[in-house]
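Presented below is the structure to which this report refers.
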Amino acid sequence: MTSAKEESFLNDLNLTLEEAWNLLLQGAKDRHSPLHTPTIGTVTAEGIPSQRIMVLRDVDRDNHRLRFNTDVRVSKVADIGESAPVSILGYHPAAKVQLRLTGIGHIQQQGPIAEQAWNEASLYGKRCYLADPAPGQAVTVPTSGLDPAMEGQKPTAEQVIPARDNFSVLMVDVEKIEWLYLAHTGHRRASFIWDKEAIRWDGQWLVP
């Protein structure tokens, strides 16, 4: 039997958009949320699609912007640079909602947003950016990239200072949200596109 809450999502575009953003906000705050680790898609300079799982760190609904932390030395940073299309895919089994987002991504290594993100990161999180050689580099033996003396140890604030040079943030300005709700009574699907001129989201029902 469909609940009153489910029924409202099935027939109201505004409530659907509201729920989509609420799920994203929860994903940024709750590490147990399935949307805490969505799939991020980019395109390489050679035109090859590339995907990876990233941790959703922050959601700014007012500016329809998402933030992820990343090592500045990795390939996706070169793919995105100052501006490039980015896709985001997540599925929340309990909410029965799939979210597909597209937007424009850009990398920030310096500036207030990057600095705040660095300051908010845990010491364990900062330790990841000490990897040497850089993530994605070929090696002859299995390795974490960390100094063996630091593996399994909580680093000090002083030890992670050099890691700041490798830290950056990926900001994604969301331009489109596609929402899919799975229900035994009948699926629902909707698309929301950001209208820059009208400064609003334009919603449209789609056939699932």
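Of all the residues in segment 23-43, those that are part of a loop (DSSP other than H, G, I, E, B) and under 19 Å from Gly105 (Cβ atoms) number 2. Just one of the numbered conditions (1) open to solvent by less than 30 Å² (accessible area, probe 1.4 Å); (2) of a type in the set (A, V, I, L, M, F, W, C); (3) more than 14 Å from Gly103 (Cα to Cα) is not true of Leu25: (1).
With respect to Val207, is the statement that it is in contact with a strand residue (DSSP E or B) (Cβ under 6 Å, 6 or more places away or on another chain), touching a residue at least 12 places away in the same chain (Cβ under 8 Å), among the hydrophobic types (A, V, I, L, M, F, W, C) and more than 25 Å from Glu82 (Cα to Cα) true?
Values: in contact with a strand residue (DSSP E or B) (Cβ under 6 Å, 6 or more places away or on another chain): no; touching a residue at least 12 places away in the same chain (Cβ under 8 Å): yes; among the hydrophobic types (A, V, I, L, M, F, W, C): yes; more than 25 Å from Glu82 (Cα to Cα): yes.
The answer is no for Val207.
Screening Glu46 against (1) in contact (Cβ under 8 Å) with a residue 12 or more places away in the chain; (2) outside any helix (DSSP H, G or I); (3) over 18 Å from Gly103 (Cα atoms); (4) of a type in the set (D, E, K, R) leaves a single unmet condition, (1). The residues of segment 144-186 that are over 21 Å from Val77 (Cα atoms), touching a Pro at 6+ places or on another chain (Cβ under 9 Å) and modelled with pLDDT of 90 or more, listed by number, are Leu180, Tyr181, Leu182.
When you check Asp165 against the structure, is it outside any helix (DSSP H, G or I), under 13 Å from Asp71 (Cα atoms), open to solvent by 80 Å² or more (accessible area, probe 1.4 Å) and not polar (S, T, N, Q), yes or no?
On the way: outside any helix (DSSP H, G or I): no; under 13 Å from Asp71 (Cα atoms): yes; open to solvent by 80 Å² or more (accessible area, probe 1.4 Å): yes; not polar (S, T, N, Q): yes.
Considered against the rule, which asks whether it is outside any helix (DSSP H, G or I), under 13 Å from Asp71 (Cα atoms), open to solvent by 80 Å² or more (accessible area, probe 1.4 Å) and not polar (S, T, N, Q), Asp165 comes out as no.
Counting only helices (runs of 4 or more DSSP H) wholly contained in segment 52-141, the ones carrying 2 or more residues that are under 18 Å from Lys29 (Cα atoms) and either hydrophobic (A, V, I, L, M, F, W, C) or open to solvent by 70 Å² or more (accessible area, probe 1.4 Å) (or both) occupy 112-120.
Checked against the criteria, Ala183 does not count as closer than 30 Å to Glu19 by Cβ, part of a loop (DSSP other than H, G, I, E, B), without any contact (Cβ under 8 Å) to a residue 24 or more places away in the chain and of a type in the set (A, V, I, L, M, F, W, C). Screening the candidates Glu158, Glu197 for the property of being more than 23 Å from the chain's Cα centre (by Cα), surrounded by fewer than 14 Cβ atoms within 10 Å (Cβ to Cβ) and under 30 Å from Leu17 (Cα atoms) yields one hit, Glu197.
Only one of the listed residues (Pro93, Pro162) is in contact with a helix residue (DSSP H, G or I) (Cβ under 8 Å, 6 or more places away or on another chain) and within 30 Å of Arg189 (Cβ to Cβ). That residue is Pro93.
The values are calculated or read from the model by the stated rules, or taken from the named source; none is laboratory data. The structure displayed is predicted, hence computed values, not measured ones. Here Cβ is always computed from backbone atoms with ideal geometry, including for glycine, and neighbour counts include all displayed protein chains. In case anyone asks, the SASA skips ligands and DNA or RNA and just uses the protein heavy atoms, side chains included. Shrake-Rupley method; radii C 1.70, N 1.55, O 1.52, S 1.80 Å.
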